[in-house]
Amino acid sequence: MNSLTSENTLVAKLSAVPAADLSTLATMIDSGPLLPGFVWIKTTVAWEATRRAGNAGPFPRHQIQPNSISDAITAIWNLSAQFRGDIKDAQMSPIVELLNCAVANLRARSEEDALHAAFRTARLRV
């Protein structure tokens, strides 16, 4: 999955989250510790609220340092678990789908960054 596809999927998942749930997610992030990934999720939630009001700019790319990606993935996955606990009938809530998609987005970005770094290193050796 390339980053554009991943971002488009993430935007679609954001769009599917009801406004009240989006607010709940933002409140949970605000009330917790400032963990890697939470600032990005908070920024995407704020971006979605702005988009719904008709004023959104470009989608926010994460600014998570490569050495913090795995911590960000863990933090977002653990946040998702708080919402998974309330699910009945094996149907995922829009927030769980959003957070799972955010994890996939970070993984895709991490893989792309690693490939680009390997390519740059290989070019330097030639």
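The values are calculated or read from the model by the stated rules, or taken from the named source; none is laboratory data. Please read all numbers here as calculations on a predicted model, not as lab measurements. Neighbour counts are summed over all protein chains in view; Cβ atoms, including those assigned to glycine, are modelled from backbone coordinates with ideal geometry.
The table for this structure:
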item: Candidate set: segment 111-126, residues that are aliphatic (A, V, I, L, M) and part of a helix (DSSP H, G or I); chosen: the one modelled with the lowest pLDDT; result: Leu124
item: Criterion violated by Leu98 - all others in (1) surrounded by fewer than 18 Cβ atoms within 10 Å (Cβ to Cβ); (2) at pLDDT 90 or above satisfied; result: (1)
item: Thr9 being without any contact (Cβ under 8 Å) to a residue 12 or more places away in the chain and part of a helix (DSSP H, G or I); result: no
item: Matching residues in segment 13-36 - criterion: being part of a helix (DSSP H, G or I), in contact with a helix residue (DSSP H, G or I) (Cβ under 6 Å, 6 or more places away or on another chain) and not aliphatic (A, V, I, L, M); result: Lys13, Asp21
item: Residue check, Leu25 closer than 14 Å to Ala104 by Cα and out of contact with any Phe, Trp or Tyr (no Cβ under 7 Å at 6 or more places or on another chain); result: no
item: Scope segment 37-53; condition in contact (Cβ under 8 Å) with a residue 24 or more places away in the chain and either of a type in the set (Gly, Ala, Ser) or not in a helix (DSSP H, G or I) (or both); matching residues; result: Gly37, Ala49
item: Leading residue by the ranking (modelled with the lowest pLDDT) among those in segment 47-64 that are touching a helix residue (DSSP H, G or I) at 6+ places or on another chain (Cβ under 7 Å) and among the hydrophobic types (A, V, I, L, M, F, W, C); result: Ala56
item: Residue count for segment 78-92, restricted to those that are part of a loop (DSSP other than H, G, I, E, B) and either modelled with pLDDT of 85 or more or charged (D, E, K, R) (or both); result: 3
item: Unique residue being free of Cβ contacts under 8 Å to residues at least 60 places away in the same chain, in a helix (DSSP H, G or I) and either among the hydrophobic types (A, V, I, L, M, F, W, C) or closer than 21 Å to Ser15 by Cα (or both) when the list is Ala108, Ala56, Ala75; result: Ala75
